[in-house]
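Chemist: Okay, handing you the structure first.
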Amino acid sequence: MQAWRVHRNGEPSEVMRLEETDRPVPGPRQLLLRVRAANVNFPDALLCRGHYQVRPPLPFTPGVEVCADTEDGRRVIATAALPHGGLAEYALADEADVLPAPDTLDDAEAAALHIGYQTGWFGLHRRAALREGETLLVHAAAGGVGSAAVQLGKAAGARVIGVVGGPDKAATARALGCDTVIDRHTEDIVAAVKEATGGRGADVVYDPVGGPAYAASAKCVAFEGRIVVVGFAAGDVPAPALNHALVKNYAILGLHWGLYRQKDPAAVRRCHDVLTEYAAKGLIKPLVSERVALAAAASAVQRVADGTTTGRLAVLPTGSGTTIDADRAGADRTGADGGGADQAAGPGDATGEGAAR
């Protein structure tokens, strides 16, 4: 089979090599998957660089989430079991990490439903207890994890304010359903949030960026508000002033989705059932801006690493791959553009999904 493999750490375009190799052999309680689509996530770039908290042995194949076929013919989505990731014709996954793919989504969309949407649902509902009518502020709203939070916030009946970087991403955020869009390149986030909320601030802040985004969040969070820390895409891990949280009476909540896989896998499956229902009702639908062939995977990972993309990039190992206009696709969806230029958190872990844009 063909697979992209990393033999040394460095930039994806420099260290990823497309090779002919044997199919991986499943270990105990693992499944062999024929990959239909693999999403490109910023953790794939971090894995190549050796900067991710999980460091698979060299050589390894990147690709942390896939839509695939099992050997008994089921169409599933899964978190790939490294070192045998999804940027290949075949991958491995632990049985516990395999879920049925929603029938209402194509392969690329189904692969994109998993990590970003699970992270969003747990962050907004399990951690922040978002309520109907509240104001939700989403940083990196045109990115993979951020766009999922926008859709999930709208599905919960919240008013959503999206922060993006640049006019193109602002247009995408509006197409996603944001009630208010703030371009951080040209607007003051704190002033814009206070103006949009009549001075109250945001009840819930979804922050996959960290750095200056977190600093702004603390200044515009409402009384009894909740800041959900999802990742540090800016590369800067902030040190919150706890006296400020005390005086202003807000909560700082961490969200590490990977821990739910370990400590409460039943909750992950229940969340998947909810997301599948939402997809069937049209409340959520990931925006996949590009679908590329396996041969273009290294370039796709590098572009996501460089922050030059908008929308999820999907690699189709068994197809030719086509490019879809992101703006047109965004206008046709009720919400999501993920995995590109305005990136968000990694798979529910403490590493951001992209550089702050």
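Chemist: For the chain, just list the percent of Cα-Cα distances falling in each 10 Å bin from zero outward, please.
Modeler: Answer for the chain: a P(r) of 6, 28, 36, 21, 7, 1, 0 percent.
Chemist: How big is the dipole moment of the chain about its Cα centre under a simple scheme where the beta carbon of each Lys and Arg is +1, that of each Asp and Glu is -1, and everything else is neutral? Debye, nearest 20, please. Could the numbers behind the result be given before it?
Modeler: Values: 36 positive and 42 negative charges, 139 e Å.
Dipole about the Cα centre, nearest 20: 660 debye.
Chemist: Taking a spot 7 Å from the Cα of Glu95 along the direction of its beta carbon, which residues of the range 24-58 have an amide N less than 14 Å from it?
Modeler: In the range 24-58, the label zone of Glu95 (backbone N under 14 Å from the point 7 Å along Cα→Cβ) covers 26-32.
Chemist: Still on this model: Taking a temperature of 4 °C and a viscosity of 1.567 mPa s, what whole-number D in µm²/s does Stokes-Einstein yield for the range 14-53 with Rh from Kirkwood over alpha carbon pairs? Numbers along the way, then the final one.
Modeler: On the way: Rh = 12.9 Å.
In µm²/s, the coefficient rounds to 101.
Chemist: Over the Cα atoms, compute the radius of gyration (one decimal) and Dmax (the largest Cα-Cα distance, rounded to a whole number) for the range 1-132, in Å.
Modeler: Calculated on Cα positions, Rg and Dmax stand at 15.2, 52 Å.
Chemist: Among the lysines, which fall within straight-line cross-link reach of Lys248, defined as a Cα-Cα distance under 26 Å, with same-chain neighbours fewer than 8 residues apart omitted?
Modeler: Lys194, Lys219
Chemist: On to the next question. Long-range amide H contacts for Val160: which residues qualify at under 5 Å (H placed 1.01 Å from N, peptide plane, sequence gap of 5 or more or a different chain)?
Modeler: It is Leu136, Asp179, Thr180, by chain and number.
Chemist: In addition: Tell me which residues come under 5 Å, amide H to amide H, from Asn41 once H is placed; ignore anything under 5 positions away on its chain.
Modeler: Those lying under 5 Å, H to H, from Asn41 are Val64.
Chemist: Per residue of the range 70-85, in order, report the coupling 6.51 cos²θ - 1.76 cosθ + 1.60 (Karplus, θ = phi - 60°) as ³J(HN,Hα) in whole Hz, putting x for Gly and Pro.
Modeler: Working through the residues one at a time gives 7, 5, 9, x, 7, 8, 9, 10, 7, 8, 5, 8, 5, x, 9, x Hz.
Chemist: Then there's this: Helix 297-306: angle to the longest alpha-carbon principal axis of the chain, degrees 0 to 90, nearest 10?
Modeler: Computed tilt is about 20 degrees.
Chemist: Taking only Cα atoms, what is the 0 to 90° angle, nearest 10, from helix 211-220's long axis to the longest principal axis of the chain?
Modeler: 40
Chemist: Could you point to the residue in Gly86, Leu313, Ala155 farthest towards the positive end of the chain's charge dipole, with +1 and -1 charges on the Cβ of Lys/Arg and Asp/Glu respectively?
Modeler: The residue sitting farthest along the positive end of the dipole is Ala155.
Chemist: Taking every alpha carbon pair in the range 99-164, what does the distance histogram look like in 5 angstrom bins from 0, in percent?
Modeler: Pairs per bin, as whole percents: 4, 19, 26, 24, 15, 10, 2.
Chemist: Follow-up question, since we're still on this one. Tabulate in residue order the Karplus-calculated ³J(HN,Hα) for the range 182-199, using 6.51 cos²θ - 1.76 cosθ + 1.60 with θ = phi - 60°, rounded to whole Hz; enter x for Gly and Pro.
Modeler: These are the phi-based 3J(HN,Hα) values: 10, 8, 5, 6, 10, 10, 7, 4, 4, 5, 5, 5, 5, 5, 5, 10, x, x Hz.
Chemist: Right, here's the next one. Along the Cα→Cβ direction, 7 angstrom out, place labels at Arg74 and Glu224. What is the inter-label distance in nm?
Modeler: Label-label distance for Arg74 and Glu224, simple model: 4.3 nm.
Chemist: If all Cα-Cα distances of the range 131-234 are sorted into 5 Å bins from 0 onward, what percent lands in each bin, rounded to whole numbers?
Modeler: Per 5 Å bin, starting at zero, the Cα-Cα P(r) for the range 131-234 comes out as 3, 15, 28, 29, 20, 5, 0 percent.
Chemist: How many nm separate the modelled label positions at Asp103 and Thr186, each set 7 Å beyond the Cα in the direction of the Cβ?
Modeler: 4.6
Chemist: With each label point set 7 Å from Cα along the Cα-Cβ vector, what nm distance links Asn249 and Asp236?
Modeler: About 3.0 nm, to one decimal.
Chemist: Calculate, in nm to one decimal, what Arg49 and Val274 gain on full extension: separation in residues at 0.36 nm each, minus their alpha carbon distance.
Modeler: Stretched out fully, the Arg49 to Val274 stretch lengthens by 77.5 nm.
Chemist: Given a 1.4 Å probe and heavy atoms of the protein chains only, how would you sort Asp94, Asp183, largest accessible area at the top?
Modeler: Result, largest first: Asp94, Asp183.
Chemist: Given the protein chains as shown and a 1.4 Å probe, how many square angstrom of Glu71 are accessible, to the nearest 10?
Modeler: 150
Chemist: From Cα pairs below 8 angstrom and at least 6 apart in sequence, can you work out the relative contact order of the chain, rounded to a whole percent?
Modeler: After rounding, I find 21 percent.
Chemist: Run down the aspartates and glutamates and flag those whose C-alpha is under 13 Å from the C-alpha of Lys281, throwing out any fewer than 8 positions away in its chain.
Modeler: Asp103, Asp273
Chemist: Moving to a separate point now. Using a simple charge model, +1 on the beta-carbon of Lys and Arg, -1 on the beta-carbon of Asp and Glu, nothing else, what dipole does the range 175-319 show about its Cα centre, in debye to the nearest 20?
Modeler: Dipole of the range 175-319, to the nearest 20 debye: 420 debye.
Chemist: Which residue fluctuates most in the GNM of the chain (Cα springs below 10 Å): Ala191, Ala101, Ala148?
Modeler: Judging by the Gaussian network model, the answer is Ala191.
The values are calculated or read from the model by the stated rules, or taken from the named source; none is laboratory data. The model shown is predicted, which means the values in this text are computed figures rather than measured ones. Using ideal geometry, Cβ is built from the backbone for each residue, glycine included, and neighbour counts are taken over all protein chains shown. These accessible areas exclude ligands, DNA and RNA; they are computed on the full protein's heavy atoms, side chains included. Shrake-Rupley method; radii C 1.70, N 1.55, O 1.52, S 1.80 Å.
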